Amino acid sequence: MRSLRAGVSVKPVASEVRVTFLGGLGEIGRNCLAIEHSGRMIILDCGIMFPDPEMPGIDLVLPDFHFLVENKNKIDGIIISHGHEDHMGGLAYLLREISAPIYSSRLTLQMARGRIEEAGLTTKTEFVAVADGERRMIGAFDVEFIPVTHSVPNGFATAFHTPQGVILHSGDFKLDMTPVDNRRTDLARIGALADDGGIRLLLSDSTNAESPGYTASERSVGATLRTIFAEAKGHRIVVACFASHIHRVQQLADAAVVEGRRIALLGRSMLRNVAIARELGLLTIPEAALIEIDKIDDLLPGQVLVLSTGSQGEPMAALSLLAAGENRHFAIREGDVVVLSSHAIPGNEWAVAKVMDGLARRGAEVIHSGVAHVHESGHAKQGELSTMLAVSRPKSFVPVHGEYRHLLRHSRLAIEMGVDPDNVLLCEDGDSVVLTDAGIDYGDGVPAGYLFVDGIVGNMSDGVLRDRKVLAEEGVIVVVVTIDGHTGEILTGPEIITRGWVHAAEAEELLDDARLAVVRAIESAHDGKAVDLETIRRATRRALGKLVSERTKRRPMIVPVLMEA
Ligand SMILES: [Zn+2]
Ligand SMILES: [Zn+2]
């Protein structure tokens with residue numbers, strides 16, 4: 001395998017094809033890449049990432065759009081592989097900057113549409129539905145949409161028929177041979193592509209590249225859920241899962257109907273996605289089986305199933321509100337059975353654990369993926385990744401969609417499966433690869449930093465985040481002093497105001513000493529002569545920082561406010 005540091009970038013030639021990775025390589029989330037040839041560009045996916053604990057106050061993280069904005073006149077379209085937020089959640093932000101049609105399955109387009117409409121950006125795009133197996137020209141690009149199984153229906157792998165051969169992007173996939181909708185990953189078509197002309201480059205999902213074996217069929221979860229339903233007779237059941245997991249919802253609805261339960265939907269995205277999927281005929285729930293959440297008290301406990309959002313412990317989602325006893329529609333009570341039919345996304349474990357504890361405290365029996373097989377991944381494990389490599393037999397390989405160690409493991413797997421190590425390129429966000437008649441190599445890099453969304457979209461600097469962390473962890477000390485502009489002498493103050501540092505009552509002596517330290521620092525800084533405020537500010541910050549550090553072992557933010565009179 002090669003890595004960028006050892007590579008040499010190649011000069012552009014006429015028929016070259018370049019793939020630039022803008023997000024999702026080195027992290028789970030904000031998937032986005034661009035493919036270019038003949039002076040044109042197409043975008044595949046535009047997702048968001050949820051902020052980690054190192055990003056206080058950030059709502060979400062987007063790919064860096066600079067490269068796309070710079071090339072906005074070349075963009076022929078945006079393809080969305082499937083309806084997950086890490087693949088389509090950034091569209092409503094990208095469309096502020098560029099204008100392009102969006103191509104995907106009808107379901108994915110319906111799911112993506114809401115946010116784009118809310119942002120008032122429908123005039124910037126056009127929604128073009130594509131069918132399973134369809135091959136069509138999108139501007140300069142010859143694109144084929146190949147069905148794959150995943151944890152949302154109607155996902156695609158995408159084959160780009162380029163002047164340098166076929167680039168196959170796996171999308172998020174697993175090889176579920178018994179999917180709930182019987183729509184399997186079209187391995188036969190991928191095999192056919194490999195046979196006729198071959199696959200030049202495979203870009204494949206690395207999420208589960210560290211896990212040996214095979215991901216179980218979604219149907220296996222249905223079996224567990226039916227058992228739980230059978231054992232919970234006479235009790236209310238509440239199940240939280242991803243609102244986009246239509247097949248999970250289908251299996252839950254089927255289990256409810258068999259047991260004579262009515263289904264109430266809780267949470268905005270659950271109501272929305274169920275409505276979309278039923279309208280498109282992808283979800284079958286008899287009208288008579290549904291009931292308004294506000295009417296469930298008319299039924300006996302054993303006649304109720306509540307399908308809820310919030311399986312990730314999101315603070316404002318339905319399940320968290322239930323755990324806190326703050327949901328305005330109904331309250332969890334002794335004897336309820338609550339199933340988290342999900343797995344915490346890395347980073348959400350703590351929030352999910354809190355929610356589960358809250359539910360248990362209210363008397364619910366809590367069942368989660370740690371105690372029963374109530375969830376299965378939507379991503380391929382090693383066995384399936386090897387199968388994909390064996391069927392597609394790519395000439396070259398770049399692992400995508402994963403943290404660094406997932407990408408690394410997947411690279412090794414590709415080499416084990418026979419891809420020439422020189423043609424396995426490990427890339428991260430901002431890297432590009434170029435296909436030419438001479439082979440594959442690294443191309444020029446592009447900016448790929450985090451674009452933070454904080455209330456309104458804006459490229460917030462890392463400095464702001466650093467400040468927030470200091471404020472959160474250490475607190476702040478503000479020193480207010482008025483100084484004679486000529487002599488540098490202190491006229492009023494220093495007044496010291498603190499927040500989040502030490503408790504005021506215990507700090508009296510410390511604050512006296514702090515004031516004294518500031519007076520001394522200012523006096524020695526001006527030494528009877530006039531000095532600029534910046535010098536005094538620095539001296540103040542240094543003296544106070546030293547005292548605070550020695551006495552409290554803390555490093556709060558120190559903000560000197562100096563006024564001249
Ligand atoms: Zn996905
Ligand atoms: Zn994904």
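Every read-out reported here was derived from the displayed coordinates using simple, explicitly stated rules and does not represent laboratory data. Just so it is clear, the structure is predicted and the values come from calculations on it, not from any experiment. Every residue, glycine among them, receives a Cβ derived from its backbone with ideal geometry; neighbour counts consider all protein chains shown.
The table that follows gives values for the structure above.
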{"item": "Antiparallel DSSP beta bridges within the chain, as percent of all bridges there, nearest 5", "result": "50"}
{"item": "Charge tally in the Cβ shell below 12 Å around R136, where Lys, Arg are +1 and Asp, Glu are -1, R136 excluded", "result": "-3"}
{"item": "Taking all pairs of distinct alpha-carbon atoms in region 268-379, Kirkwood radius in angstrom", "result": "15.2"}
{"item": "Rounded Å value of the spacing that divides the Cα centres of region 438-457 and region 63-82", "result": "11"}
{"item": "Footprinting exposure proxy for R542, R2 (fewest neighbouring C-beta atoms within 10 Å first)", "result": "R542, R2"}
{"item": "Convex hull (Cα only) mean projected area of the chain, reported in nm² to one decimal", "result": "32.0"}
{"item": "Ranking of L201, L544 by count of other Cβ atoms within 10 Å, fewest first", "result": "L544, L201"}
{"item": "Size of electric dipole in the chain: Cβ of Lys, Arg +1 and of Asp, Glu -1, about Cα centre, debye, nearest 20", "result": "580"}
{"item": "Cα gyration tensor of region 247-326 - equivalent ellipsoid semi-axes, whole Å, descending", "result": "20, 17, 10"}
{"item": "In region 283-372, trypsin sites (Lys or Arg not before Pro) in a DSSP loop with at most 12 other beta-carbon atoms within 10 Å", "result": "R328, R333"}
{"item": "Local electrostatic count, E117, Cβ distance below 15 Å [Lys/Arg +1, Asp/Glu -1]", "result": "+4"}
{"item": "Flagged links, alpha-carbon separation over 32 Å, of K354/K381; K233/K381; K233/K354; K354/K469; K72/K381; K295/K354", "result": "K233/K381; K72/K381"}
{"item": "Integer Hz, Karplus 6.51/-1.76/1.60 couplings in order for region 417-426, x for Gly and Pro", "result": "7, x, 6, 4, x, 5, 9, 9, 10, 8"}
{"item": "Partner lysines for K74 [C-alpha distance under 21 Å; skip if fewer than 8 residues away on the same chain]", "result": "K11, K124"}
{"item": "Taking all pairs of distinct alpha-carbon atoms in region 463-565, Kirkwood radius in angstrom", "result": "13.9"}
{"item": "Backbone HN-Hα couplings from phi across region 350-365 [Karplus 6.51/-1.76/1.60, Hz, Gly and Pro as x]", "result": "5, 5, 5, 4, 4, 5, 4, 4, x, 5, 5, 4, 7, x, 7, 8"}
{"item": "Ascending count of other beta-carbon atoms within 10 Å, so fewest first, for H161, H329, H379", "result": "H329, H161, H379"}
{"item": "Value of Rg to Rh for region 85-124 (Rh from inverse mean 1/r over Cα pairs, i.e. Kirkwood)", "result": "0.91"}
{"item": "Considering only region 462-564, percent of DSSP beta bridges that pair antiparallel, nearest 5", "result": "45"}
